[in-house]
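Here is the structure we will look at.
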Amino acid sequence: MPDTIPADSVGVVTPSVAQFNEPLSLRCGQTLNHYELMYETYGTLNADKSNAVLICHALSGDHHAAGYHHQDDQKPGWWDSCIGPGKPIDTRRFFVVALNNLGGCAGSTGPTTINPDTGKPYGPDFPMMAVRDWVNSQARLADYLGIEKFAAVIGGSLGGMQSLRWSIQYPERLHHSIVIASAPKLSAQNIAFNEVARHAIMQDPEFHDGRYLEHNTLPKSGLMQARMLAHLTYLSDDSMRDKFGRELKAEGINYGFTPEFQVESYLHYQGKKFSTSFDANTYLLMTKALDYFDPAQYHNDDLAQCLNHAQCKFLVVSFTTDWRFSPERSEEIVDALVESDKDVTYAKIESDKGHDAFLIPIPRYVAIFRAYMNRVAQELNL
Amino acid sequence: MSISTNALAKEASFTDERAAPLRQDLNIIQNWISPNSQVLDLGCGEGDLLAHLKHARGCKGYGMEIHPDSIVTCIEKGLNVIEHDLNHGLRHFKDNSVDTVIMTQALQAVSRPDRLLDDMLRVGQEAIITFPNFGYWRTRLYLLSKGKMPMSKTLPYNWYDTPNIHLCTFRDFETLCQQKSLKILDRTVVNKNHREKLSIRLWPNLLGEIAIYRVTR
């Protein structure tokens, strides 16, 4: 953490755990009888509980969206750029709830949790999660916190899918759905990227059919490959050129296969870091949830029809160089919302940062996000 | 390329909130719009007209805009604004999906005004269009006497940096409507202060500066 807490930071935060004993029926047909959700909150819930905002995380995110856990933390939460006093999601006005999704590996019940039936980690036996299951569990968390209706449900990427799903699944429980750098379903190319990542993990000799924890090992090499591939799809050609160009680590090339270019060393670093901090089964499960997401499939593949009974208003945001979740995919959502006469605002932000842009405080993005959240606050007299 | 709304009428922008008094041309337009109807405002700028139609006439609608600051202002006003370059047509909208498509002072700034006009009447039952008259006598005189591309309060740009790449006269526009077999339901011609005058009614293509047309198929 910086020497002093910045004025626009939520400061040092402590996660909480909510326990649920009411069985949760899942899309895959299985049931979770007991589960825990790890979550954090920032700001204060007002007397009529009307100022709550839910943050939905993406593939590798978790409940730690803003602030610091310890004085000596190097980095704040993953969306600290947008959450805090005076930031677009202004914690002086909003009560922010961020959680680690079921199946995650940051404290909520997931593949690394001990399965009460066997006394061993769930591992590959953890049920497959769908976006709708996350939304159901998030609604239970809202019940637990006494929140009947969210002022807004907000998410980027896979988080945006959850936010969109909220509008369909619990239309009466949110005023606004904010869907950033997302899509109504993955393209074949996107599913293919996920499959290459999964393949790398599952082919790692240390994977042991997903029971690596029982073998006291980790499929580090597979997870590292998966992350390296995914990471580079989150960047744009331009941003990689700006960041690395063809710069070398050392002077001159040595005609070998160890990383020589800066970009290689960066990818290795990112991959290595991820391979020990993230659970491989969680990665498999999260990418599958992404692949399966397609709410329109239950409505004759007609997204407008699918969104027809949504009651909330929408903000959709995309970024010009995001080729993993391109502006065209966001515009499919916008078109469907327009067709079903919903209130929608759409902005396409000029950025050279690729998919990662949604985590970066690009001035125009921040201005639009702030203006929209001001509108949310105004409409609800917050 | 981008189209800045109200590319020429720089002087006339209200920052008033909600149903504030409207600029005269916008006032004429709003009287042509049925209460509680669906509207689409192309190049909606800061959303003055859209806000007025929403709050004073109960209309539901979307604005399309490309200028970043204008989009933020529309969001602050609680309007539905969609970032979109009009040169890419109106593909967000299905056939006959709104009652009226409005475009104030942007026709002359798009790459193919004829195609956009078709698209407006594909999406809407009616289209309301305003644009500056290049046949206005001062414009004609400017070109005749100076031999240079006319510049004025309503046309404040140099030839090389103007967003107004397809300026036309009222007669040109009406010829286009005729070619497309479009019906002109209403036409009001005003001066640069957006006022109507008897002399303008007599010689619109010579004395009028801005025209407001209501057309349908």
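Taken together, the values in this text are just the output of simple stated rules run on the coordinates, not laboratory data. Note that the structure is a prediction, hence the values are computed from the model and not measured. Positions of Cβ are generated from backbone atoms using ideal geometry, with glycine treated the same way; all protein chains shown enter the neighbour counts.
Among residues other than residue A:165 with Cβ under 13 Å from its Cβ, the summed charge is +2 (Lys and Arg +1, Asp and Glu -1). With R₀ fixed at 60 Å, the C-beta to C-beta distance from residue B:184 to residue A:229 puts the FRET efficiency at about 0.50.
Using a simple spin-label model with pseudo-atoms 7 Å out from Cα toward Cβ, residue A:270 and residue A:191 lie 2.5 nm apart. Report summary: the helix-based calculation at 222 nm, which adds -39500 (n - 2.57) for every DSSP H run with n ≥ 4 and divides by the residues of chain A, gives -10500 deg cm²/dmol.
With neighbours defined as other Cβ atoms within 10 Å of a residue's Cβ, the residues B:174, A:40, A:206 order from fewest to most as A:206, B:174, A:40.
Cross-link check: pairs A:75/A:273; A:220/A:353; A:220/A:273; A:75/A:272 evaluated at a Cα-Cα cut-off of 20 Å; pairs beyond the cut-off: A:220/A:353. On the beta carbon distance between residue A:301 and residue B:34, with R0 = 30 Å, the FRET formula returns roughly 0.30. Note on A:56, A:312: ascending count of other Cβ atoms within 10 Å places them as A:312, A:56, the fewest first. One Cα centroid belongs to region B:40-76, the other to region B:170-196; the line between them spans 24 Å.
Normalised by 2.2 N^0.38 Å, where N is the number of residues, the C-alpha radius of gyration of region A:260-382 stands at 1.33. Hydrophobic long helices, here whole DSSP H runs in chain B with Kyte-Doolittle means of at least 1.6 and Cα atoms spread over 30 Å or more along the helix axis, are not found.
Based on Cα atoms of region B:63-164, Rg over Rh with Rh as the Kirkwood radius reads 1.04. The aspartates and glutamates within cross-link reach of residue B:180, meaning a Cα-to-Cα straight distance under 15 Å and a gap of 8 or more places when in the same chain, are B:114, B:118, B:119, B:126, B:172. Given the pairs A:49/A:348; A:313/B:60; A:342/B:60, which span a C-alpha to C-alpha distance of over 21 angstrom in this model? From A:49/A:348; A:313/B:60; A:342/B:60, over 21 Å: A:49/A:348.
The sum of -39500 (n - 2.57) across all DSSP H runs of n ≥ 4, divided by the residue count of chain B, sets its helix-only mean residue ellipticity at 222 nm to -8500 deg cm²/dmol. For a paramagnetic label modelled on residue B:94 (point 7 Å from Cα along Cα→Cβ), amide N atoms under 16 Å away belong, within region A:310-335, to A:310, A:332-335. Straight-distance candidates among the aspartates and glutamates for linking to residue A:249, with alpha-carbon spacing under 12 Å and chain neighbours fewer than 8 residues away dropped: A:260, A:264. Full extension of the segment from residue B:159 to residue B:125, taken as 0.36 nm per residue of separation minus the current Cα-Cα distance, would add 8.7 nm.
Among A:117, A:80, B:114, which comes first, then next, by fewest other beta-carbon atoms within 10 Å? By the 10 Å Cβ count, ascending: A:117, B:114, A:80. Cα centroid separation, region A:88-127 to region A:192-271: 25 Å.
With Cα atoms defining each centre, region B:114-151 and region A:34-70 are spaced 54 Å apart in the structure.
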